[in-house]
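Participant: This is the structure I have questions about; it appears just below.
The values are calculated or read from the model by the stated rules, or taken from the named source; none is laboratory data. Every value quoted in this text rests on a predicted model; they were computed, and no experiment measured them. For neighbour counting, all protein chains shown are included, and Cβ atoms are generated from backbone atoms with ideal geometry for every residue, glycine included. Surface areas here come from the heavy atoms of the whole protein model, side chains and all, with no ligands, DNA or RNA. Shrake-Rupley method; radii C 1.70, N 1.55, O 1.52, S 1.80 Å.
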Amino acid sequence: MLPQITNSQARNLFMHRQGLCDNPGLKQDKAKLLELIERMGFVQIDSINTVERAHHMILFSRNQTYRKEHFSLLLEKDRSLFENWTHDASVIPTIFYPYWQHRFIQTEKRLLERWRKWRREGFEESFEAVLKHVQANGPTMSRDMKAPSKSGGVEKKNQGWWDWHPSKTALEFLWRTGALSVDRREGFQKVYDITERVMPQNSQSHGIDQDMYLDWSCRSAMDRLGFATAGELAAFWDGIKPAEAKKWCDRQLGKGIVEVEVLAADGSQPRKVYAYESVLDQRDHFQTVPKRVRVLSPFDPLIRDRKRTERLFDFHYRIEVFVPEAKRQYGYYVFPLLEGDKLIGRIDMKRQGQSLVVKGLWLEPKVKASAGRMTAIEAELERVRRFVNVEDVRYEKSYLKQAV
């Protein structure tokens, strides 16, 4: 019989590894922010800005003294962080950059195969010209590379990523494969430059081979997940295949890695996973989670893996940005609510003028809208209001909804 980790222990372990057990009111300086991001592994970024950008919401949910200017300094001045790709566009600690140099080689082959099917023709022919333009002219935005249309004017605004002009596609490809790096963003638009002018010289390393990359991918993912299936390990950085992670886990059994069972929140069949053997000795001593309510970004790493979220928290969450409005259950961009170590509901809110407007609040079926809980939710919304620098929180009529 395999050793077991209770559902409560599993939640606490995972949340601790993702920085959600820290005191959210403890003063955070720039160095502590970098330490947090290194512990988490990466922070996803996204263009949607209904309340605040995803990366800022993710970091604020862990520490209410978080300052956006510290993030910008780490990324754009100190170069302690860099922007590239995990499962999506993310900001990553520069100490991991040598592994991305190995990853770029794999990415180049994969993207060429995919983008030849999806993108406009001509982007490959633009690689050399685009690279020379950036070398000669310095930091470049995609609008700087806009080609004239066949009619002689400027190309019309494209309809989405599938309709990028070849030079924009070339910029993105050269970034994804390491020749270019993101120097900064202006109005959330990427500004590219030659990697050697962006990344610190001491971050450059060409000594990572596939075995080293695989070992790092699995170990660093396990460090940040606490326990995982082979598929979850592979998905964390999205740089290896589940079969590769499975072989790695099996080779490590008895060498610090063990198989355990994690109990599900709904009492269903326990899930067999891998974990460090040391976790078993720590089961009764995991750090507890602060009891306060917190708003999570839809892109928070705690809920990124929706199936894992359901097993650990018995909480079904899907972002409905791409769902037609008439078919949405909740709303365009709905934030999960965390209370202690439980996901208790979701809230639809947006920044409008100088107000944070709450359009809808849905608590989970077994969660009561008690006076104490509603006061705690209002206190968190007040913290968010101050963070996004608006004047008040405004609740629409009948904002408290029935769970779907």
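Participant: Return one whole number: the accessible area per residue of the chain in Å², for a 1.4 Å probe.
Facilitator: On a per-residue basis, 48 Å².
Participant: So how far apart, in nm, are the two label points at residue 68 and residue 109 if each is 7 Å from Cα heading toward Cβ?
Facilitator: The two pseudo-label positions are separated by 4.2 nm.
Participant: Report the residues of segment 330-366 in range of a label on residue 400: point 7 Å along Cα→C-beta, backbone N strictly under 18 Å from it.
Facilitator: 337-339, 344-349, 358-366
Participant: Could you name the aspartates and glutamates in cross-link range of residue 291, using Cα to Cα under 15 Å and dropping any fewer than eight places away on the same chain?
Facilitator: Partners found: 22, 339, 341, 378, 380.
Participant: Skipping prolines and chain starts, which residues have an amide H placed within reach, meaning under 5 Å, of the one on residue 227, given they are 5 or more residues away or on another chain?
Facilitator: none
Participant: Taking 0.36 nm per intervening residue step and subtracting the Cα-Cα distance, what contour gain separates residue 76 from residue 48 on full extension?
Facilitator: Gain in length upon complete extension: 8.0 nm.
Participant: A further question on this structure: State the percentage of accessible surface on the chain attributable to carbon and sulfur atoms; use a 1.4 Å probe and exclude ligands, DNA and RNA.
Facilitator: 49
Participant: Only helical DSSP H runs with n ≥ 4 go in: add -39500 (n - 2.57) per run for the chain, normalise by residue count and round the 222 nm mean residue ellipticity to 500 deg cm²/dmol.
Facilitator: -11000 deg cm²/dmol
Participant: I would also like to ask the following. Which of 60, 42, 123 moves most in a GNM of the chain, Cα contacts under 10 Å?
Facilitator: The residue that fluctuates most here is 123.
Participant: Label point 7 Å out from residue 288 along Cα-to-Cβ: which residues of segment 362-394 have amide N under 20 Å?
Facilitator: Only 372-373, 376-377 fall inside the zone, counting backbone N under 20 Å.
Participant: Please list, in order along segment 207-218, the HN-Hα scalar couplings obtained from phi with the Karplus expression 6.51 cos²θ - 1.76 cosθ + 1.60 (θ = phi - 60°), rounded to whole Hz, x for Gly and Pro.
Facilitator: Result, rounded to whole Hz: x, 8, 9, 5, 5, 5, 5, 4, 4, 5, 4, 6.
Participant: Right, another one. Enumerate the amide H contacts of residue 403 below 5 Å, restricted to partners 5 or more residues apart or on another chain; note that Pro and chain-start residues carry no placed amide H.
Facilitator: Hits under the 5 Å cutoff: 363.
Participant: For segment 75-89, just list the computed ³J(HN,Hα) in residue order, Karplus coefficients 6.51, -1.76 and 1.60, θ = phi - 60°, integers in Hz, with x standing in for Gly and Pro.
Facilitator: For segment 75-89, the Karplus curve yields 7, 9, 10, 6, 6, 7, 10, 9, 9, 7, 10, 10, 7, 7, 4 Hz.
Participant: Looking at the chain as a GNM with Cα springs under 10 Å, which of 100, 216, 85 has the largest mean-square fluctuation?
Facilitator: 216
Participant: Taking a 21 Å limit on the Cα-Cα distance, which of the listed pairs 342/368; 241/307; 109/168; 27/342 fall beyond it?
Facilitator: 27/342
Participant: Which residue, 102, 206, 133, tops the fluctuation ranking in a GNM of the chain built on C-alpha contacts under 10 Å?
Facilitator: 206
Participant: Something else about it: Could you order peptides 186-193, 170-177 by the average number of other Cβ atoms within 10 Å of their residues, highest first?
Facilitator: 170-177, 186-193
Participant: In segment 284-307, whose amide N lies under 20 Å from the spot 7 Å out along Cα-to-Cβ of residue 367? List them in ranges.
Facilitator: 288-307
Participant: Also, I was wondering about something else. Among 23-34, 391-402, how do they line up from the highest to the lowest mean number of other beta-carbon atoms within 10 Å?
Facilitator: For the peptides 23-34, 391-402, the packing ranking is 23-34, 391-402.
Participant: Residue by residue, what Karplus-based ³J(HN,Hα) values in Hz, rounded to whole numbers, does segment 99-112 have, using 6.51, -1.76 and 1.60 with θ = phi - 60° and x for Gly and Pro?
Facilitator: 6, 6, 4, 5, 5, 4, 5, 5, 4, 4, 5, 5, 5, 4
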